[in-house]
1. Output wanted: per-residue J couplings in Hz (rounded whole) for segment 468-478, from phi through Karplus 6.51 cos²θ - 1.76 cosθ + 1.60, θ = phi - 60°, x for Gly and Pro.
2. For a quick check: with amide H placed at 1.01 Å from N, whose amide H comes under 5 Å from Thr280's, ignoring anything fewer than 5 positions away on the same chain?
3. How many times 2.2 N^0.38 Å is the alpha carbon radius of gyration of segment 140-286?
4. Can you check what the Kirkwood hydrodynamic radius comes to for segment 343-459, Cα pairs only, in Å to one decimal?
5. Between Lys350 and Asn418, what is the label-to-label distance in nm when each label sits 7 Å out along the Cα-to-Cβ direction?
6. Using 0.36 nm per residue of separation minus the Cα-Cα distance, give me the extension gain between Glu85 and Ser410 in nm, one decimal.
7. Could you state the angle between the C-alpha long axis of helix 423-437 and the longest principal axis of the C-alpha atoms of the chain, as a value from 0 to 90 degrees rounded to the nearest 10?
8. Test of understanding: what is the full-extension gain from Glu96 to Phe10, defined as 0.36 nm times their sequence separation minus their Cα-Cα distance?
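We did not get these values from a lab; they are worked out from the coordinates using the rules stated. Just so it is clear, the structure is predicted and the values come from calculations on it, not from any experiment. Neighbour counts are summed over all protein chains in view; Cβ atoms, including those assigned to glycine, are modelled from backbone coordinates with ideal geometry.
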Amino acid sequence: MKEQLFSKDFHNKLKKDVEKSYRDFIEDLRDDFKRGFTTDVVDIDFLDQLSDILQDECLDIYSPLKFYWLNLVDNIVYIIQLHEELLLEDDIDADELTEIEDELFSFWNESELAESFLNFLNDGAPVIEASNNLLALLENQIISFYVLHISLYQQEFDDALMYQTIPELGDYEKKFYIGDDHRRVILKKTPETFPSLPLRFISPEKKLLSLEITEKAVSFAIEATPVSLVIDELYLFILPNNESGEKRLEEFKKNISKALANIKKIAPHLHTTFKSFTHTIVPVDEKGIVSYSMQSLPGFSSINMFDRDQLDLMDDLLHENGHHYLNTFLNNQDLINEDDEKIYFSPWRKALRPIRGIYHAVFTFYWALELFYNLDIAADKKTLPFTKEEKSKIKQRFLEEYFMLEYCRSDLQHAFKNKRVNKDGNQLINMIYDRVLAYKKDTVTVLESLKALDPIKHQDLMSLKKELAEARTHYKLV
C-alpha cells in the first residue's frame, strides 16, 4: 500500500479523477444556465457573457489554467449564494457580524483580493458593501482570464477589459504569460494601471494583442512558448517573475537540472513523483519567502532560488511538489473535516494550528525526510560528492524531519478519533507514517554519526527533542 505513494499509475489515476470532477462541474454549470440561472447579485451582462463562455468546447478538455478559471467561477457562485442568503436575514446587527457576514469576511480576507477588501473595510465600508465592490473585480477577472488564457477567438473591446496579472504564473511589470503553453508578451511599455492590464484587442491567430496605455491602444506581439527543460518525458518551464531572475535564468535552469538529476540518481521514486505533479517553476526574489504554491494552480511552484544552496533547492522542489500531490487529492475529495480550532502544536511553526495546518505540514515535510535519508546514504556510499558541512546538514535535516513528523503522529490519530480527519484522510496519512516509522532505527545510527561529525548540530537536535517533549507535556489533548 505504501509503495502507491510513488506509483506513476496511482498518480495518473488521481489526476484523472480531478479531470473528471472538472468536466462534471462544467456540465453542471451549463445545465444551470440552460435552466435559466438568474440572480440580482451580479451584473446581468456578466451572466450573459459567462453563459456564452460555458458553451465553448475548448472547456471540455482539462488543463491547469482552465482549472484555475473554474475555481474563479466556483468562487463567484459561492459569493452569490452568501449574498442571497444575507438578503433574507432580518436580524442584522450593525455592531456584530452575522455568521454569513463572517463567511464573507473569511473568504475575501483569504483571497487574492484581500488587500483591496481590507482597504474598503478601513475606509468604513460594511462587509456586504466591500464584498459588492469586489464582486465587480471578480466578474472582470473571470472574463479577462478566459479571453487571455483559454479562448482561441479574436476579440476586441471598446472599453478596456481589465486583467489582474498573476505573479504565480510568472507575470511582472516587464512580461506576462498567456495560456497553458506560456506564450509570452514583452511589455515594452508598462500600463500605469499595472498590476492590472487594460486589454483592448487580442488575436491568437495573428499573435497580437493591444493594451490601453495613456488612452491609446498599444500593440504587443504574442511571442512563442519559451524553451523548457526536458526532464525525461516532462517539459518543465522556468518562468521568473522578476528582472533579477530573468538575468539568471540560464543559471537557474542549470541548477534545477542538476538538482533533479541528483534526485533521480539517489532516489528514483522521488524523481518519478516530482514529474507527476510539477510542470512550472517560478523563481521569486522576495526576502522571507522560501517557496509556496496555490491549490487552484496545479503544478505551478513559486521558489526563491536566490539565497538557497543545492540541498535547499532539492528540498524546495520536492516540498512544493508535495503540496501539488496533496492538492490533487483535495481537488477531488475531502480528507479532513476542517475547523478553525487551533489545538494542535506545529513543530515547524512552534505554534498551535488547526488540523488543516498539521495535516498539510506532515504530508509536505515528509518528502524532505525521504530526500535527506537518501542523500545521507549517497554521502556514505560517495554516490554524490559532499563537503563536511553538507554531510552534517543532510543528517541534521533528516533527523529534524523525523522527530517533528513523529511528534505529529499522535495528534493526527487524535484528529481521526475526533472526526477531524475522515477515513480517506486517515488512510492517506497512514501511508506516510508507514514510511516515516520505517526509519526509526536509522535515526539512532544517524544521530550517533552526527555527534561525531558535528557536535554543535547534534546538540541542536537534542534541544529539539527536549522542546518536543515539553510541548507534548504542555499541550495535552482530551
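1. 3J(HN,Hα) across segment 468-478, in whole Hz: 5, 5, 5, 5, 5, 6, 6, 9, 8, 9, 8.
2. Residues meeting the amide H criterion: Phe237, Ser301.
3. Numbers: Rg = 17.2 Å, N = 147, 2.2 N^0.38 = 14.7 Å.
Output field value: 1.17.
4. Values: mean 1/r = 0.0663 Å⁻¹.
Averaging 1/r across every pair of different Cα atoms and inverting gives 15.1 Å.
5. 2.4
6. On the way: separation 325, 0.36 × 325 = 117.00 nm, distance 3.99 nm.
Full-extension gain reported as 113.0 nm.
7. It works out to around 40 degrees.
8. Working: separation 86, 0.36 × 86 = 30.96 nm, distance 4.83 nm.
The span from Glu96 to Phe10 would gain 26.1 nm if fully extended.
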